[in-house]
Amino acid sequence: MTRSVWKGPFVDGYLLRKAEAARSSGRHEIIKIWSRRSTILPQFVGLNFGVYNGQKHIPVMVNEEMVGHKFGEFAPTRMFYGHSSDRKAKRAGAPAAPGAAPAPAAPAAPAAS
């Protein structure tokens with residue numbers, strides 16, 4: 001369910017203060033934030049944020065297309081490494097080692113008379 005229009009977008013107060021301080025100082029350093037639930041506002045365009053994903057801060061450069069989205073959308077929390085069954089199938093069909101001798105060929109089928 002979306003947030004009510006009359007309430008306006010949700011943004012943590014400390015985030016607005018940090019962004020305003022960074023914009024007034026003119027320095028382009030990463031602003032570390034833990035608020036994945038905050039909405040990206042037009043005031044944040046052009047700033048660098050480090051959004052925490054549970055392990056580390058993912059750098060996010062805010063541009064105009066991101067306004068209205070949440071910070072958490074740009075810092076994934078889960079890493080998909082693929083299916084283990086795919087790796088097993090690939091390993092069974094591949095040669096043992098790059099420099100190893102090729103496997104012996106299958107015996108030829110007897111000629112039909």
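Where a number appears in this text, it was derived from the coordinates with a stated rule and is not lab data. Since the structure is predicted, the reported quantities are computational estimates derived from the model, not experimental observations. No Cβ is skipped: glycine too gets one built from the backbone with ideal geometry, and neighbour counts run over all protein chains shown.
Tally Lys/Arg at +1 and Asp/Glu at -1 over every other residue whose Cβ is under 11 Å from the Cβ of Phe44; what's the total?
0
DSSP beta bridges in segment 19-95, what fraction antiparallel, as a percent rounded to 5?
DSSP beta bridges in segment 19-95 are roughly 65 percent antiparallel.
Kindly state, to the nearest 0.05, the FRET efficiency for Arg3 paired with Lys56, given R0 = 41 Å and r defined as their beta-carbon distance. Kindly include the intermediate steps, with their values, before the conclusion.
Details: r = 28 Å, r/R0 = 0.69.
According to the calculation, E is roughly 0.90.
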